[in-house]
1. Which is at pLDDT below 80, under 30 Å from residue 57 (Cβ atoms) and either buried (at least 16 other Cβ atoms within 10 Å of the Cβ) or within 37 Å of the chain's Cα centre (by Cα) (or both), of 225, 171, 205?
2. Could you say whether any residue in region 356-368 is surrounded by 13 or more Cβ atoms within 10 Å (Cβ to Cβ), under 21 Å from residue 459 (Cβ atoms) and touching a strand residue (DSSP E or B) at 6+ places or on another chain (Cβ under 7 Å)?
3. Take region 73-115 and flag every residue that is surrounded by 19 or more Cβ atoms within 10 Å (Cβ to Cβ) and out of contact with any helix residue (DSSP H, G or I) (no Cβ under 8 Å at 6 or more places or on another chain).
4. Taking region 139-167 only, how many residues are buried (at least 23 other Cβ atoms within 10 Å of the Cβ) and under 19 Å from residue 38 (Cα atoms)?
5. Residues that are touching a residue at least 60 places away in the same chain (Cβ under 8 Å) and in the same structural domain as residue 451 (by TED's automatic domain parsing), at least 2 per element: which helices (runs of 4 or more DSSP H) completely within region 334-436 meet that?
């Protein structure tokens, strides 16, 4: 099983940190919520006990239930509430009296607090009205973030429409610095979340840069095409990019040196063949020269008829020598190209029309096929015409009477493909590997230089020529760049 990538491991680590932050936040919130619930229950019980104690104390202290003694109410409230910290309360009657007495003996501020809390007044009145309607002790709780406000009200025995009420607050059990601790903890969690987001952005940028680097290293990426990489602004990745750029520079240098060495090697091979070529040319010229000498000697010793026949033979042999010398010069001298855009269809039809008389004389059907394209190819029409002439002449010589020779040109994947096809006997298996070498021919009267010239012209265009492996027909293929750069 392959090992996960470094970026995948970092992303998994970030996910783990995010999950841990979420779990920590949930745990703290759950702890605070559960602790607050317990404090609310306890506060409700204390407020209910205080309300019952205040109501019973006042009832026991009053001899006449029809009278209202505000001073006694304050005294009872102070006496009972002084024992329970954080509870405030008072007495209330329906309109028009309303709040009759109020006390908060454990108030931490300066002086005695006698003003009823305005913010909690709606909660107190709602609880009092519920008690007035039911005649029983009632409690109501309002949560406010981490705190909760508890209001409790109860009827005073034997005093119609007189109710006692208590108000207290439930806070999380974190001591006097609990809120500050919660604030600090929330700040820490917020900082962790910010760091996690920053890490996520950094991982995203890192992964994007790694993806760019991976694409550049792909088989069809920029490095394979010799394209330099741009620096990514990452301290860890930029040295890698610089190393690849140095590799690209060295590869380009080696490619140029290899091209130069290939050129030198081709020249060396060309010169190494001069010895062989000289021997072959000497052989090819010596035979016609010997024949001319023999004919000349016979002409000198014979009559006018023999002299005329000898002169014809001598002229034929001189033409053969000239053909050999011309092919040899074409093979030994470098091919100079003058490339331009060419109308492929018109050029190919002109080439075929030139050879139509020869095809008719041999009773061979010669046709041209040029597939249309959106752009025109770029090549040297004169040099490529020399190469195509050799292939067409070769095909016409091997095609049987009544046979067919087809010259086809088309574009394929930004390449110019020219095919010369005939239905002749084909090339023997022992000659296929050497057919493009100089002086290799299957005809007794052949020079063996025509296909070698075709190879040189195709190579000069940055292409190649080959004999297709097709058992049903003989097919020579010239493969060139469509528009060389």
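1. Of the residues listed, the single one that is at pLDDT below 80, under 30 Å from residue 57 (Cβ atoms) and either buried (at least 16 other Cβ atoms within 10 Å of the Cβ) or within 37 Å of the chain's Cα centre (by Cα) (or both) is 171.
2. There is no residue in region 356-368 that is surrounded by 13 or more Cβ atoms within 10 Å (Cβ to Cβ), under 21 Å from residue 459 (Cβ atoms) and touching a strand residue (DSSP E or B) at 6+ places or on another chain (Cβ under 7 Å).
3. 74
4. Final tally of qualifying residues: 5.
5. Helices (runs of 4 or more DSSP H) meeting the threshold: 344-354, 381-398.
The values are calculated or read from the model by the stated rules, or taken from the named source; none is laboratory data. None of the values given here were measured: they were computed from a predicted structure. Virtual Cβ from ideal backbone geometry, glycine too; neighbours counted across all protein chains shown.
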